[in-house]
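Please treat every number below as a calculation from the coordinates, not as lab data. All of these numbers come straight from a predicted model, not from anything done at the bench. Cβ coordinates were reconstructed from backbone atoms using ideal geometry, including for glycine residues, and neighbour counts include every protein chain displayed.
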Amino acid sequence: MQVKQYLIRRLALLPLIMLGVSVIVFTLTRFTGSPVGIYATPNMTPDEVAALEERYGLDEPIPVQYAYWLGGLLRGDLGWSGVSVAPVTDVIGLKMAATLELALFAALVAIIGGIALGTIAGVRRNKAPDHAARFFSILGASTPTFWFGLLLLIPFYLWLDWFPLGRSTPEIFDSIGHPTGLYTVDAAISLNPTAIWDSIRHIILPAVVLGFGSMAIIVRMMRSSMVETMSEEYVDAARAKGLPEKLVIKRHARRNALVPTATVIGLSFGFLLQGAVAVELIFRWPGLGQWVTGAILSGDQATIMAYVLVTSLIFMLVNLAVDIAYAYLDRRVVLGS
Amino acid sequence: MMNSDDWLLRVEDLSVHFRTPRGVVQAVDHVSFEVKPKETLALVGETGCGKSVTARSIMKLVPEPPGEYASGAVLLRNLKTGAVTDMLSAPMDQVRATRGDRIAMIFQDPGKALNPSLTIGRQLAEVFGEHRAAMLLTQAGIDPEKGPIGSGSIASQRAGVLRRNFFHLTRRGHSRAIRAAVDDAVMSALSDTGIPNPRKVMSSYPHELSGGMKQRVMIAQALACDPDLLIADEPTTALDVTIQARILDLINDMQQRRGTAILYITHDLSLVRQFADRLAVMYAGRIVESGPALEVLKSPQHPYTQGLLAAIPRAGTPRGKLAAIAGSVPQLIDPPAQCHFSSRCTWCAEACTSHIPKLIHMPGDRDVACLRFEQADSIGVDPSDMPSHVASAEVVS
Ligand SMILES: Nc1ncnc2c1ncn2[C@@H]1O[C@H](COP(=O)(O)OP(=O)(O)OP(=O)(O)O)[C@@H](O)[C@H]1O
Ligand code: SF4
Ligand SMILES: [Mg+2]
């Protein structure tokens, strides 16, 4: 009941925060110059360009321009995406789905791998598994995503040709319906084995590359909190009750070690969205990152602003989810205080 | 004393070492003692002398590494069958079956010994799930042999599966009856310790309860399976003074009703007088004196015990903690082969710095480890190097 109230309050605050974000995004983007370049062609005269600016209201003061833009935003009009040669709202859904899918799989890799490795390392402190996990986490934290991506691509794509680039094989992608927009999920729903295999084959490598850095952080956090909870008295008390060691670790030590780890997991999701830009470029993944890179290179301001808005929204929603998970894990937390 | 068959726990020549970067800590050094059924043995001694490590060894709970059982045995006798188990060398399954069922433990700080993220009910239910699964299933009207899980496998195998799946079963609502039986067991364990609102406490998390209430919960949990031996490691030190007496009364009362033997670890000698049948005094990892509590308090033989008792203020309230004796506790890391108390002992003589005194049996079921009670020729030193034997100091308080 308390969770529900908290959720409503936070969701009610969301539009306000988004409004603030939109002001900042718009102002900062406009400082980089006029977006007219997207609509102009190289052989236009200055007069023609000025006429274009007037037509789109680009000669007005910035606050007025912001009001126009916000009005459009509220009507569901995010402007024209020069890089996609289509309205932003027409493409953003597809791009977002692609990136979300990639980030979710990467998060899955990072969370499952991170918790499992961190737990083993913490329980078997200073033994071989611990050294291995620590080495691995230092490696993960210090390896640049793009470099690691290339490192995997060379054997698995170039030499062995096990995993393809891109997000899908177009013919297979088109052969199934897309109710959720997440290729793997849609393929699973369609029960089409070819599509399922195609979706998995495409996502494995980029998800591993993207998740690796976050996994390293989660391993470290999980390890150190496991070391801490394993020396808590309630763990000994659980043993004194006669519980098997496996249960002692799972139900008593690990559960409590997840509390501090949950925060790190939430933060690392922001890290994933950021890393997705490089991963999408390397793996030709048609998501937000690849989209915004093109937009930045060509000064496509409508696309850039849409990107920032969407990623901040995702980030805030993820943080909200983490707060709630945190309260569920740590019963002493009072939400909203 | 050692050949009587009327014993429950027998710790024989127990040594526990810790490997640390600074050297090997000899936390428990050749300790032997015995607990009889239904009796209370108090273990006293200064901080760091190895009381908790001794207590944990009995349940084989010393962390290995850094800990290591360097010698000895912890023998537990089954009072019904007479079968004897050595906790230190028994297979782990057997050790686990004993923990929480025949030996239970309450810890110094109940706030730390309860898992903060599980409800009280869940934590107590674990004990029943581990040791009383078959009984509860029967109570719930389910044949534990057939069980709700599959069929056709060997009974013993099923018992293992059952134990592991106990909670998943109840959580899945697979059987409301199991849940009800577990809840009943937990409720009666809680109300047995005088917890006024067991149903509410059951669904509470530890942080929602007071310290005294938490310790009651710990006691309920420890006594859930009616153990033969309860180890209470300073059970009231972390509590308010006003609550301490009530918790001690509760432990005492439960012992009277159920006939549980208690190993009671404390700093407080006045509590020893009140609750203990027998007393063992520990110093620097060794037992230096033991015997019937009142006798030892009345006529302590070992210079350390004498010092402890002399340090209690005679007048006023009989409450007394172990007060300071001149000097400090010696290093437990690679201690020299001498009487550990020699640096603080007023009787100390030449022989005390080259010999470790053995526990000597004395009349009246008493034991003392001091060279004053050993013969010069039996340890092969010149009689003039021995501490002189002076009649024991009578301490009346
Ligand atoms: N895990 C451990 N690692 C290293 N040394 C340890 C460990 N546990 C205990 N010791 C050492 O063993 C010795 C005995 O400790 P123990 O906890 O048994 O003392 P105690 O008599 O219970 O003291 P207190 O009255 O303070 O509870 C101490 O010197 C302590 O430093
Ligand atoms: S053996 Fe010697 S030093 Fe040790 S307590 Fe006895 S008299 Fe004192
Ligand atoms: Mg202690």
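How far is helix A:88-123 tilted off the main Cα axis of chain A, in degrees rounded to 10, range 0 to 90?
Orientation of helix A:88-123: about 20 degrees from the principal axis.
Tell me the mean residue ellipticity at 222 nm calculated for chain A from its helices only (DSSP H runs of n ≥ 4, each -39500 (n - 2.57), averaged over every residue, nearest 500).
Using -39500 (n - 2.57) per qualifying helix, the result is -24500 deg cm²/dmol.
Using Cα atoms only, what is the angle between the long axis of helix A:301-329 and the major principal axis of chain A, expressed in degrees (0 to 90) to the nearest 10?
Roughly 20 degrees between the two axes.
Translational diffusion coefficient, Stokes-Einstein: compute it for the protein assembly as shown using the Kirkwood radius over C-alpha pairs as Rh, at 4 °C and 1.567 mPa s, and state it as an integer in µm² s⁻¹. Provide the component values of the computation, followed by the final result.
Details: Rh = 31.3 Å.
In µm²/s, the coefficient rounds to 41.
Provide the packing ranking of B:52-61, B:12-21, B:255-264, i.e. peptides ordered by the mean count of other C-beta atoms within 10 Å per residue, highest first.
Output ranking for B:52-61, B:12-21, B:255-264: B:52-61, B:255-264, B:12-21.
Which of the lysines could be linked to residue B:214 by a straight reach, that is with a Cα gap under 28 Å, when you skip same-chain ones fewer than 8 residues away?
Counting by Cα, and skipping residues close in sequence, residue B:214 has these lysines nearby: A:241, A:246, A:250, B:38, B:51, B:60, B:112, B:200, B:321.
Against the longest principal axis of chain A, how steep is helix A:46-55, in degrees 0 to 90 to the nearest 10, with axes from Cα atoms?
60 degrees
Spelling out what I want: for every residue of segment B:251-266, take phi, set θ = phi - 60°, compute 6.51 cos²θ - 1.76 cosθ + 1.60 (Karplus), and round to whole Hz; glycine and proline get x.
Listing the rounded values in order: 4, 4, 5, 4, 5, 4, 6, 10, x, 7, 7, 10, 9, 10, 9, 7 Hz.
If all Cα-Cα distances of segment A:1-134 are sorted into 5 Å bins from 0 onward, what percent lands in each bin, rounded to whole numbers?
Per 5 Å bin, starting at 0, the Cα pair percentages come out as 2, 8, 10, 12, 13, 12, 9, 8, 7, 6, 5, 4, 2, 1, 0.
What dipole magnitude, in Debye to the nearest 20, does chain A give about its Cα centre under +1 on Lys/Arg Cβ and -1 on Asp/Glu Cβ?
In debye, rounded to 20, chain A gives about 2060.
Please name whichever of B:190, B:33, A:7 sits farthest to the positive end of the charge dipole of the protein assembly as shown, dipole taken about the Cα centre and charges placed at Cβ: Lys and Arg +1, Asp and Glu -1.
B:190
Towards the positive end of the charge dipole of segment A:8-67, with charges on Cβ (+1 Lys, Arg; -1 Asp, Glu), say which of A:56, A:36, A:24 has the farthest Cα.
Most positive-ward Cα: A:24.
About the Cα centre of segment A:2-86, how large is the charge dipole given +1 on each Lys and Arg Cβ and -1 on each Asp and Glu Cβ? Please answer in debye to the nearest 20.
The dipole of segment A:2-86 has a size of about 840 debye.
Could you work out the mean count of beta carbons from other protein chains within 10 Å of each residue's beta carbon in B:109-115?
The shielding value for this peptide is 5.
What are the principal axis extents of the Cα atoms in segment A:91-329, in Å, biggest first?
Principal-axis extents of segment A:91-329 (Cα, largest first): 62, 40, 37 Å.
Taking H placed 1.01 Å from N in the peptide plane, check which residues at least 5 places from residue B:16 or on another chain put their amide H under 5 Å from its amide H.
Close amide H contacts, sequence-distant or interchain: B:27, B:28, B:29, B:30, B:70.
Applying the Karplus parametrisation 6.51 cos²θ - 1.76 cosθ + 1.60 with θ = phi - 60° to the phi angles of segment A:2-14, what ³J(HN,Hα) value in whole Hz is obtained for each residue in order, glycine and proline being reported as x?
In residue order, the calculated couplings are 5, 5, 4, 4, 4, 4, 4, 4, 5, 5, 5, 6, 4 Hz.
Taking the Cβ of residue B:218 as the center, what net charge do the other residues with Cβ under 12 Å away carry, scoring Lys and Arg +1 and Asp and Glu -1?
+1
Neighbouring Cβ atoms within 10 Å as the yardstick, rank B:105, A:96, B:135 fewest first.
B:135, A:96, B:105
Given charges of +1 on the Cβ of Lys and Arg and -1 on the Cβ of Asp and Glu, with all other atoms neutral, how large is the dipole of the protein assembly as shown about its Cα centre, in debye to the nearest 20?
Here the protein assembly as shown has a charge dipole of around 1420 debye.
Let me have the relative contact order for chain A, percent, based on Cα pairs under 8 Å that are six or more residues apart. List each step's numbers first, then the result.
On the way: 400 pairs, mean separation 87.7, N = 337.
The value is 26 percent.
When every alpha-carbon pair in segment A:172-222 is counted, what percent end up more than 18 Å apart?
42 percent
Out of A:291, A:327, A:158, whose Cα points farthest toward the positive end of the dipole of chain A (charges: +1 Lys, Arg; -1 Asp, Glu; placed on Cβ)?
The residue sitting most towards the positive pole is A:327.
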